[in-house]
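The values are calculated or read from the model by the stated rules, or taken from the named source; none is laboratory data. Fair warning: this is a prediction, and the values are worked out from it, not measured in the lab. Ideal geometry is used to build each Cβ from the backbone, glycine not excepted, and the neighbour counts take in all protein chains shown. These area figures cover heavy atoms from the full protein model, side chains too; ligands, DNA and RNA do not enter into them. Shrake-Rupley method; radii C 1.70, N 1.55, O 1.52, S 1.80 Å.
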Amino acid sequence: MTTRLDNRKVDELRKIKIELGVSKNAEGSCYLEWGKNIVIATVNGPKPVFPRHLADPQKAVVDYKYRMACFSVSERKSPVPGKRDKEISLVSGNALESAIMVEQFPNTLIDVNVLILSADAGTRVAALTAASLAAADAGLPMRGMISAVAAGRANEQLVLDLTKDEEDTADAVDMACAFLMPQKEIVLLQMDGFVKKEDCSKILENALIGAEKIYDIQKKALLEKYPLEGEIQL
Ligand code: ADP
């Protein structure tokens, strides 16, 4: 087995640091450092929808905006949202919606904004992980957490949580996965690269193992800010 470019074990996540409630102007917020990724997520709502024809009488509409700051990558990123930002926003909004009890808030809007301050691959999964924590910090009723991570292949070995350097290797495969936890339901799955069927299943298994670790880190961050009294099991 060759060592990874940053000397991690194949199943080792980058270092993760989480802080909740960082924005006084948002109802819920989360600051997340994940390796060299830096993300801030805010959640506001449920609130009235304008224009009103965009409201859904069955549930709250989750408006998820993923954006990269122009200084988040080495070449200046245009602040105008491109196709990639819009696609990530759409699929991530759907994923996050599965965790929030949106049916309790018909005809309302839940605003989710995620800004990538520094990017080193895996930003969409870092964004969803942070947004889910911000939704919990906002006190929204939730079915569970969205725990998201990328798994794939780099330098001929299957690895968890690829960096940009690993994503740029010749045989790279990058599978972004998000799970509703603890139910372990897949709510987002996107993949770059080519793999054999067996490897595809193994990568997905690795992603679930990674998501379980992320879920533990999320619970720890929530318990630090909102300590529980008594013997309640999360
Ligand atoms: P993810 O960040 O979710 O892995 P991608 O696979 O699309 O999403 O991007 C991988 C990495 O490529 C990003 O994390 C970032 O480091 C870099 N990247 C993405 N978009 C740009 C861009 N417009 N300019 C420069 N680098 C970018």
GluC sites (Glu not before Pro) in segment 7-112 lying in a DSSP loop, each with at most 13 other Cβ atoms within 10 Å of its Cβ, come to Glu75
For the chain, the dipole about the Cα centre with charges only on Cβ (Lys and Arg +1, Asp and Glu -1), to the nearest 20 debye, works out at 500
Percent antiparallel among DSSP beta bridges confined to segment 16-224, nearest 5, equals 85
In the chain the accessible area split gives carbon plus sulfur, as whole percent at 1.4 Å, a share of 54
With the 8 Å Cα cutoff and a minimum separation of six or more residues, the chain has a relative contact order in percent of 21
Taking r as the C-beta separation of His53 and Leu189 and R0 as 35 Å, the FRET efficiency to the nearest 0.05 is 0.65
Out of Gly122, Ala60, Ala207 - ranked by how far each Cα lies towards the positive end of the dipole of the chain, with unit charges on the beta-carbon of charged residues - the top one is Ala60
Summed over the other residues with a beta carbon less than 14 angstrom from that of Ile110, with K and R at +1 and D and E at -1, the charge totals -4
Per the rule of 0.36 nm per residue minus the C-alpha distance, extending Lys219 to Lys9 adds in nm 73.2 nm
To the nearest Å², the heavy-atom accessible area per residue of segment 111-169 with 1.4 Å probe amounts to 26
A correct Karplus calculation of ³J(HN,Hα) over segment 46-55, with 6.51 cos²θ - 1.76 cosθ + 1.60, θ = phi - 60°, whole Hz and x for Gly and Pro, returns x, 9, x, 9, 10, x, 5, 5, 7, 6
For segment 154-234, listing chymotrypsin sites (Phe, Trp or Tyr not before Pro) in a DSSP loop whose Cβ sees at most 16 other Cβ atoms within 10 Å gives Phe194
Rounded to the nearest 500, the 222 nm mean residue ellipticity computed for the chain from DSSP H runs (n ≥ 4, each -39500 (n - 2.57)) alone is -9000 deg cm²/dmol
Row for segment 16-224, column shape: gyration tensor on C-alpha, a ≥ b ≥ c, rounded if a/c < 1.5 i.e. under 1.5, prolate if a/b over b/c, else oblate; value prolate
